[in-house]
Amino acid sequence: MSSKKANGEMSHYDGHCRDLPQEEISAKLAAGVPYVIRQKIPAEGVTGFDDVVYGHIEVNNSELDDQILIKTDGMPTYNFANVVDDHLMGITHVIRGSEYLSSTPKYNLLYQAFGWEVPPTSTARRS
């Protein structure tokens, strides 16, 4: 276990499987190697969004992880299911707690990856 994990700190995905050649992916799948499916976040540039409460926020893409969408057990993560569910339900405006403010760029990139309109976001302040 890494020292960051042992201390309960977040670690940044190192991208070791980010650009595997198709042949290697196929071989790993055939061998039954456990895997997750991640969203490939742009490595460069900035992702910005307008929050009704906090205003315009920009995050360097280099600070964002390639988030896991499907876990090794085949189940979707909360973030993935949340975006798909909101889209399928026709949600037009999103109000989230401030603890999700840092996830908003990833949500928005996922909406964009699917070609869906990104709904306006409002983040509730904690008192």
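Tabulated results
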{"item": "Count - residues of region 103-127 that are in contact (Cβ under 8 Å) with a residue 40 or more places away in the chain and under 20 Å from Gly55 (Cβ atoms)", "result": "12"}
{"item": "Flag if Leu110 is at pLDDT 95 or above, in contact with a helix residue (DSSP H, G or I) (Cβ under 6 Å, 6 or more places away or on another chain) and not in a helix (DSSP H, G or I)", "result": "no"}
{"item": "Test for Asp85: is it among the charged types (D, E, K, R) and in contact with a strand residue (DSSP E or B) (Cβ under 8 Å, 6 or more places away or on another chain)", "result": "no"}
{"item": "Residue pairs meeting the criteria (Cβ under 8 Å; at least 6 apart or on separate chains; first assigned to a strand (DSSP E or B), in region 72-101; second charged (D, E, K, R))", "result": "Val94/Asp86; Gly97/Arg126"}
{"item": "Any chance Asp66 is out of contact with any His (no Cβ under 8 Å at 6 or more places or on another chain) and exposed (fewer than 12 other Cβ atoms within 10 Å of the Cβ)", "result": "no"}
{"item": "Test: residue in region 72-91 that is surrounded by 12 or more Cβ atoms within 10 Å (Cβ to Cβ), closer than 14 Å to Ile37 by Cβ, under 16 Å from the mean Cα position of the chain (by Cα) and at pLDDT below 95", "result": "yes"}
{"item": "Scan of region 40-54 for residues that are part of a loop (DSSP other than H, G, I, E, B), of a type in the set (D, E, K, R) and either under 12 Å from Leu109 (Cα atoms) or touching a strand residue (DSSP E or B) at 6+ places or on another chain (Cβ under 8 Å) (or both), ordered by number", "result": "Lys40"}
{"item": "Evaluation of Pro119 against (1) closer than 28 Å to Arg18 by Cα; (2) outside any strand (DSSP E or B) (one fails), failing number", "result": "(1)"}
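The values are calculated or read from the model by the stated rules, or taken from the named source; none is laboratory data. Just so it is clear, the model here is predicted, and its values are computed rather than measured. Positions of Cβ are backbone-derived with ideal geometry, glycine not excepted, and every protein chain shown enters the neighbour counts.
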